[in-house]
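All remarks here apply to the structure that follows.
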Amino acid sequence: MSSKIKHLSSILAPVSLGELIDKITILEIKQIHMTGKKLKNIDKELKLLRKIVQDVNLEIEIDLINNLKEINNNLWEIEDNIRIKESNQEFDKEFIQLARSVYKENDKRASIKKEINQKYNSDLVEEKSYNNYLSKS
């Protein structure tokens, strides 16, 4: 294997439909928060990913997309707040609540992605395996 770095225009990798829609919603959120070269890069990637969905002529249920986008937006805000707390060395109750909300929101996110995969018969399905943290009552 050569140690020389080559220029790559892009890499095509198979992903589940849920993962693709998830990535699109994350890029849409990033569009709101980024400027300059970062925004230009996001716009380019978003355009390419939207074209993939358009080319397969799929209309994904808008409620699934909106729910996924809402969760990803919540995660964006949670992560921002955690970073603020971390930078201020504030490891209080709110910090713990924010940290716990990350995996709870990610579980909701995984559920919606799986629902998209099942509803639209995606050949690839992302699987998760975690300890159950929900009350066992």
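Numbers at a glance
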{"read-out": "For residue 46: the one exception among (1) at pLDDT 95 or above; (2) on the phi > 0 side of the Ramachandran plot", "value": "(2)"}
{"read-out": "Residue in region 84-95 that is within 23 Å of residue 16 (Cα to Cα) and β-branched (Val, Ile, Thr) present", "value": "no"}
{"read-out": "Residue check, residue 87 over 18 Å from the mean Cα position of the chain (by Cα) and among the hydroxyl-bearing types (Ser, Thr, Tyr)", "value": "yes"}
{"read-out": "Output for region 1-43, where each listed residue is over 15 Å from the mean Cα position of the chain (by Cα), modelled with pLDDT of 95 or more and of a type in the set (Lys, Arg)", "value": "37, 38, 40"}
{"read-out": "Among residues of region 16-49, those that are more than 21 Å from residue 107 (Cα to Cα) and aliphatic (A, V, I, L, M), counted", "value": "7"}
{"read-out": "Filtered residue count, region 33-75, keeping only those that are in contact with a Phe, Trp or Tyr (Cβ under 9 Å, 6 or more places away or on another chain) and either within 19 Å of residue 13 (Cα to Cα) or among the hydrophobic types (A, V, I, L, M, F, W, C) (or both)", "value": "2"}
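Condition check ((1) under 16 Å from the mean Cα position of the chain (by Cα); (2) charged (D, E, K, R); (3) at pLDDT 95 or above; (4) closer than 23 Å to residue 14 by Cβ) across all residues:
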residue	(1), (2), (3), (4)
100	no, yes, yes, no
116	yes, no, yes, yes
128	yes, yes, no, yes
136	no, yes, no, no
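The values are calculated or read from the model by the stated rules, or taken from the named source; none is laboratory data. Remember, predicted model here, so these are calculated numbers, not experimental data. Backbone-built Cβ (ideal geometry, glycine too); neighbour counts: all protein chains shown.
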